[in-house]
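The values are calculated or read from the model by the stated rules, or taken from the named source; none is laboratory data. Model, not experiment: these values are computed from the prediction. Counting neighbours? That spans all protein chains shown, and the Cβs are built from the backbone with ideal geometry, glycine included. In case anyone asks, the SASA skips ligands and DNA or RNA and just uses the protein heavy atoms, side chains included. Shrake-Rupley method; radii C 1.70, N 1.55, O 1.52, S 1.80 Å.
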Amino acid sequence: MTLFQLEFMQRALIAGLLTGLAAPAIGTYLVQRRLSLMGDGIGHIAITGVALGLLTKTAPTLTAILVAIAGATAIELIRARGKASGDVALALLFYGGIAGGVLLIGLAGQGAATLNTFLFGSLTTVSPSDLYVVVGLAVAVLVVAIGLGPQLFAVCQDEEFARVTGLRVQLLNLVIAVMAAVTVTVAMRTVGLLLVSALMVVPVATAQQVTRSFRSTFVTACGIGVVACLAGIVTSYNADVAPGATIVILALAGFVVAAVAGALIRRRRGHVVPLADEEPEIGVPGPQPHVVSPGHPHDHNPACGHAKVEHGDHVDYVHDGHLHAAHGDHWDEH
């Protein structure tokens, strides 16, 4: 229990809790829009912001937020109005962001150790001022993600339908992009810029294995994110390894477990009629055998299990695309 009495660990756990909530919250919308790698691209852009802060002797968190928001906005505008597709826009800013970051880090005279704390996360670097910023930004992301949930879901599901209903699609897309940028900077201290996209995507993919609605996926993904972050932070402290890598590995392990459980659940849901060599379940009718007659391959009757339609003085049974009518003591094929 002495672990939780350390001030830097208390700050790290609070930051991890908020990161575990905020990252999957916005990640749910990104996955729905098939922009799962957007967080990765923004993370590389934020490297330039961190390097810019180190070069100008200002707070790296502040400059990372500004540069990440500018980069996310550029990605969305290029995707929506430019000739380049979404993945091309991500690639352009992906490479430009990391190249600019490495260049500015060199000009700032900082070594690789300083950069690694932002790339892969560091528990001891979460200062009180950083924690205040993380709390404020994470709360803002959650308020927007929950408060504008119906509108954001409509845009992510079908932009044309959302536009017809009167929603401002372009503005809502920019809101998602800006929230993604803010989330990247929120997770910068705990997960790191290079692995933040995993925390935005993996919990959502895990939740989709065992849920059937958008709302349940949203809630489950946030819960998985919190568990992965807190468990990863504690484990990384005990094992003396980078917290970001530990958090992602635990999240991936959860995905494997959920994938197996989801397959079993889907198999169970799809198991309605048992095979011929299996015992039928209680309340589930087994296959009904056909009675062969000399005049027709099958003697159709109410016990054969085929769909029937009653027409006054006769009853119709449908089998193999043919309509068979029962008239008293004989059968007619139509």
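Annotations for the structure displayed:
- Screening ILE14 on (1) under 21 Å from the mean Cα position of the chain (by Cα); (2) surrounded by fewer than 22 Cβ atoms within 10 Å (Cβ to Cβ) shows it passes everything except condition (1).
- Residue among THR217, THR185 that alone is in contact with a helix residue (DSSP H, G or I) (Cβ under 7 Å, 6 or more places away or on another chain) and under 15 Å from HIS44 (Cα atoms): THR185
- Across segment 83-90, not a single residue is classified as within 30 Å of SER213 (Cα to Cα) and in contact with a Ser or Thr (Cβ under 6 Å, 6 or more places away or on another chain).
- Residue under evaluation ARG33, criteria (1) open to solvent by 20 Å² or more (accessible area, probe 1.4 Å); (2) in contact with a Leu (Cβ under 9 Å, 6 or more places away or on another chain); (3) in contact (Cβ under 8 Å) with a residue 60 or more places away in the chain; (4) under 19 Å from ASN173 (Cβ atoms), criterion not met: (2)
- On the stretch given as segment 191-226, residues that are surrounded by fewer than 21 Cβ atoms within 10 Å (Cβ to Cβ), among the β-branched types (Val, Ile, Thr) and closer than 28 Å to ALA72 by Cα total 2.
- Among the residues of segment 120-173, those that are without any contact (Cβ under 8 Å) to a residue 60 or more places away in the chain, outside any helix (DSSP H, G or I) and either charged (D, E, K, R) or within 20 Å of GLY43 (Cβ to Cβ) (or both) comprise ASP158, ARG168.
Condition check ((1) closer than 30 Å to VAL169 by Cα; (2) surrounded by 18 or more Cβ atoms within 10 Å (Cβ to Cβ); (3) in contact (Cβ under 8 Å) with a residue 60 or more places away in the chain) across all residues:
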residue	(1), (2), (3)
GLY39	yes, yes, yes
ALA46	yes, yes, yes
THR61	yes, yes, yes
ALA74	yes, no, no
ALA80	yes, no, yes
GLY100	no, yes, no
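- Meets criteria (closer than 26 Å to CYS222 by Cα and open to solvent by 50 Å² or more (accessible area, probe 1.4 Å)) for LEU52: no
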